[in-house]
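Peer 1: This is the structure I want to talk about, given as structure tokens.
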Amino acid sequence: MDEMEDGRTAEGAGRPWHIWLVGVLGLLWNGMGAFDYTMTETRNAAYLAGFTADQLAYFNSFPAWAVAGWALGVWGGVAGCLLILLRRRAAVPVLALSLAGAAVTVVFELTAAVPESLKGPESAMLTAAILIIAVLLLVYAMRMRRRGVLR
């Protein structure tokens, strides 16, 4: 099967192969964040058992605006990736909201009294990865919309 210049196949014109790769990987990534959000916000004892008292106090101190940003970031990411898989133009504004939610969460992390046990290069790398992936998903969706793949 020959591929066209833009990565589409003759059989599935309009559906580039990479839409599945990006959509599924993005869904898995954001799904992990949604799982973490759900377990933390529902105060799941088994999930939180590995955290120290100061870490739990920090998680429980999140103001409503930070929780809302976190929810918007992870659930917007899940919805946006589902919309990519469904090839819907709505993926773009939904992923933009997800990025905004992630940015709100980062603002909270930069201004809050984060326990020393949650600081360090690993934490900074995770925060950077969250923002970079959110930006890349949004840029990808914008390109797919511009090419007419998202309808």
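The values are calculated or read from the model by the stated rules, or taken from the named source; none is laboratory data. Because the structure is a prediction, the values reported are computed rather than measured. Cβ coordinates were reconstructed from backbone atoms using ideal geometry, including for glycine residues, and neighbour counts include every protein chain displayed. Please note that ligands, DNA and RNA were not included when accessible areas were found on the heavy atoms of the full protein model with its side chains. Shrake-Rupley method; radii C 1.70, N 1.55, O 1.52, S 1.80 Å.
Peer 1: Please identify the pairs in which a residue from the range 129-142 that is touching a residue at least 12 places away in the same chain (Cβ under 8 Å) has its Cβ atom under 9 Å from the Cβ atom of a residue that is outside any helix (DSSP H, G or I) and open to solvent by 50 Å² or more (accessible area, probe 1.4 Å), counting only partners at least 6 apart or on another chain.
Peer 2: ALA141/ARG89
Peer 1: Another question, then. So, of the residues in the range 7-37 that are surrounded by fewer than 11 Cβ atoms within 10 Å (Cβ to Cβ) and at pLDDT below 95, which turns out to be nearest to VAL78 (Cα to Cα)?
Peer 2: Here the residue is ALA13.
Peer 1: How many residues are assigned to a helix (DSSP H, G or I) and either open to solvent by less than 60 Å² (accessible area, probe 1.4 Å) or of a type in the set (A, V, I, L, M) (or both) if we restrict to the range 38-52?
Peer 2: 7
Peer 1: Would you mind stating whether ILE84 is of a type in the set (A, V, I, L, M, F, W, C) and touching a Phe, Trp or Tyr at 6+ places or on another chain (Cβ under 8 Å)?
Peer 2: yes
Peer 1: Hey, another quick one. Filter the range 64-91 for residues that are small (Gly, Ala, Ser), more than 15 Å from GLY33 (Cα to Cα) and touching a helix residue (DSSP H, G or I) at 6+ places or on another chain (Cβ under 9 Å) and give the result.
Peer 2: Result: ALA90, ALA91.
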